[in-house]
Amino acid sequence: MRDEMGMRIIPLEGGCGALIEGVDLTREISDAEFRFVKQAWDDNLVLVFRGQNISEDDQLRFAQRFGPLGDRKAPPDPLRDRAEGVKQVNSKILLVSNIKENGKPIGAFGDGEMWFHIDSGYSSKPYLYTFIYSLTLPSTGGNTLFSNMYKAAAAVPPALREKLKGRRALHIHEYKRAERVDLSQDISGSPHFWHPVFIRHPSTGRESLFVDRLMTQAIEGLEAAESEDILAQLYEIGERKEFIYEHIWQLGDLVMWDNLATIHARTYFSPDEPRLLRRCTVEGSGVSG
Ligand SMILES: [Fe+2]
């Protein structure tokens, strides 16, 4: 059923996510439409708008209704070639792409699978929200998996929850896509930050498990072996099939997700096929337990 604005929410199959119909993102949305979308977002964590034909300006205008736009975080110089493309000129936009022009990548995060992660989870103020618009897609693969970390938090067994009470975890980003960080090496040159294992979402007040396979590398105050053992358990809980929605991209999709209540991953796609997505974010203000 559609509401009086002509908008409709269709829940998606899986642990989170909903399709929103009846919105044209090339125009400014009304306050009533904004409230409708925001409520749907808090309830479903991932929203999908199909068949949009939006410019970069349209995308940024829509995103900034939800808060101040995030700046693309510049990697340190030694890691720059893993993350910076030659066509990334707007500081609010990141091009997620494997396309190269004259041998140089136009964007970031190239080919293939990418493990579950939180966008900028390694920084002191991880992004609150992420918005991605699809421009060029491979014939198959490159799907985005989203996992509901409210459900993951609730699934942590009581004894493990007690062990983790008040503890923080170390998040490190080395601009890799499917490889953990080697903690025996010096990490001082890689962006990193300690965040609580369980966080309280600033908008919904709900508890979320703030751990992901790609970037979360250690639990505070534990020996390495125990830390590794517990992280493996937390990765497994966070990646349970029943918590996941798998988004199979279509051209013209705008997908927006709550970056503090979900983790996301990318499935494999052929490096011989181009893929280009345009990302912007809303700035976060730090997370707390
Ligand atoms: Fe991401």
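No value in this document is a laboratory result; all are computed from the given coordinates. Since the model is a prediction, treat every value here as computed from it, not as a measurement. Ideal geometry is used to build each Cβ from the backbone, glycine not excepted, and the neighbour counts take in all protein chains shown.
A few remarks follow.
- Within the chain, helix-based [θ] at 222 nm, where runs of 4 or more DSSP H residues each add -39,500 (n - 2.57), nearest 500: -5000 deg cm²/dmol
- Overall, the ratio between the Cα radius of gyration of the chain and 2.2 N^0.38 Å, rounded to two decimals, is 0.98.
- Magnitude of the charge dipole for region 235-289, about its Cα centre and with charges confined to Cβ atoms of Lys, Arg (+1) and Asp, Glu (-1), is about 120 debye.
- Projection of the Cα convex hull of region 100-216, averaged over all directions and equal to a quarter of that hull's surface, yields 9.9 nm².
- Convex hull volume per residue in cubic angstrom - Cα atoms of region 1-116: 149
- GNM flexibility winner over the chain from Gln185, Gln88, Gln217 (Cα, springs under 10 Å): Gln185
- Per-residue Cβ neighbour rank within 10 angstrom, fewest leading, Phe66, Phe109: Phe66, Phe109
- The shape of region 148-238 can be summarised by an equivalent ellipsoid whose semi-axes, obtained from the alpha carbon gyration tensor, come to 22, 15, 12 Å from longest to shortest.
- Spatially, region 13-87 and region 109-176 are offset by 17 Å when compared through their Cα centroids.
- For the chain, the membrane-span-like helices by this rule, meaning whole DSSP H stretches whose C-alpha atoms cover at least 15 Å of axis and whose Kyte-Doolittle mean is -1.0 or above, are 224-238; this says nothing about an actual membrane.
- Cα-based Lys pair tally, the chain, threshold under 17 Å, eight or more apart or on separate chains: 8
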